[in-house]
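What follows is a short report on a single structure.
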Amino acid sequence: MKLSVLINNFNYGQYLRPCIDSVLSQAYPDFEVIVVDDGSTDDSRQILASYGEKILPVLKENGGQASSFNAGFAAASGDILFLLDADDAFLPGKLAGIAEIYDRNEIDWCFDRVTTNEGDQPPVRLQVTLFDKRDTLRNGGFPSLPVPTSGLSFRRSLLSQILPMSVATDVVLSDNYIKFAAAYLGRGAIVETPLTFQRIHASNRYTGTSRAKTLRPRIMIATGLELARRYDGLQALGKSLVAGGIAETTSLLKLRSEARNTVAGGPFGDAAATEVALMAARKRLGNMLRRGQA
């Protein structure tokens, strides 16, 4: 069984070599490494060139993460395909461990949890939960799939029903669409013991960033619209995601408006008072989102 690892990169040159090396050092007999560079302007392409024939570089103009997924899939030849962000890394043994799970189970996809501790070692034993929520998804429910891009893998036969996908700027249409589509189309497994390192840093496009709250509603809306457009059985789920995204957007705008009104009618009206009011508004929004009220 041949494996393909699809690394997507945009200006992550400072992390790119550890990422690629974490895959090339895997103890599995048959795999390829495809790195899609999405129009980087740093030293990423020089780094890719230094690997020679050890990797297959796909160099393209900047088009967003979804376009990188499409380009990587088009270049891949493996039976099982893994996604990996260029700022993350695989722990030792990941490819062999995931391949064995596919061999032992009739599954179409496998998602493994990630760790944000760079010093973590791979687990001795894997805790695997089989996952089949297709009926739930058809009925408009969406199960929790808290695994980022770098923890995702799929059989080619399944991913060919998902990619190519519509492209979008930024990350508003990316791994969430792929995860929900995969869970709708097939039976899978979740590895509860982390096999991937997710790097949290100042240049993250979503995870751990201050823009995550404003991006989240856009991601929900874009994902819901695309799922409903692409799959007849996901109309209800798509509507739920769009409605949730609109509700979060409305709540955010309302809280910002309340903050401005509070400052305008208050006794201070200066920059410090504005900052206090906006901080209070952001805190209220965060509480609402955690309680599922937005």
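At a glance:
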| quantity | calculated |
| --- | --- |
| Heavy-atom surface of the stretch 29-79, accessible at 1.4 Å and reported per residue (Å²) | 46 Å² |
| Distance between modelled label sites at residue 30 and residue 132, nm, 7 Å Cα→Cβ extension | 2.8 nm |
| Cα-based shape type of the stretch 114-195, given that a ≥ b ≥ c are square roots of the gyration tensor eigenvalues and the cut on a/c is 1.5 | oblate |
| Candidates per trypsin sites (Lys or Arg not before Pro) in the stretch 100-184, loop by DSSP, up to 12 other Cβ within 10 Å | 125 |
| Heavy-atom accessible surface of the stretch 78-196: percent carbon and sulfur, 1.4 Å | 45 percent |
| Environment charge at residue 176 (Cβ cut-off 12 Å; Lys +1, Arg +1, Asp -1, Glu -1) | +1 |
| Prolate/oblate/rounded label for the stretch 1-142 (Cα gyration tensor, a/c 1.5) | prolate |
| Cβ-based net charge around residue 128, under 15 Å, with every Lys or Arg adding one and every Asp or Glu removing one | -2 |
| Label-point separation in nm, residue 74 to residue 54, each point 7 Å along Cα→Cβ | 2.8 nm |
| Amide proton proximity set for residue 56, modelled H, under 5 Å, gap of 5+ | 33, 34, 35 |
| Of the trypsin sites (Lys or Arg not before Pro) in the stretch 1-83, those whose Cβ has at most 12 other Cβ within 10 Å and which sit in DSSP loop | none |
| Solvent exposure, largest accessible area first (probe 1.4 Å, DNA, RNA and ligands not counted), of 193, 149 | 193, 149 |
| GluC sites (Glu not before Pro) within the stretch 86-139: DSSP coil, no more than 14 neighbouring Cβ in 10 Å | 106, 118 |
| Heavy-atom accessible area per residue - the stretch 142-182, 1.4 Å, Å² | 31 Å² |
| Sites residue 161 and residue 103, calculated FRET efficiency, Cβ-Cβ separation with R0 22 Å, nearest 0.05 | 0.50 |
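The values are calculated or read from the model by the stated rules, or taken from the named source; none is laboratory data. Since the structure is predicted, the reported quantities are computational estimates derived from the model, not experimental observations. All Cβ positions, glycine included, derive from the backbone under ideal geometry; neighbour counts span all protein chains shown. Side chains included, ligands, DNA and RNA excluded: accessible areas come from the protein's heavy atoms. Shrake-Rupley method; radii C 1.70, N 1.55, O 1.52, S 1.80 Å.
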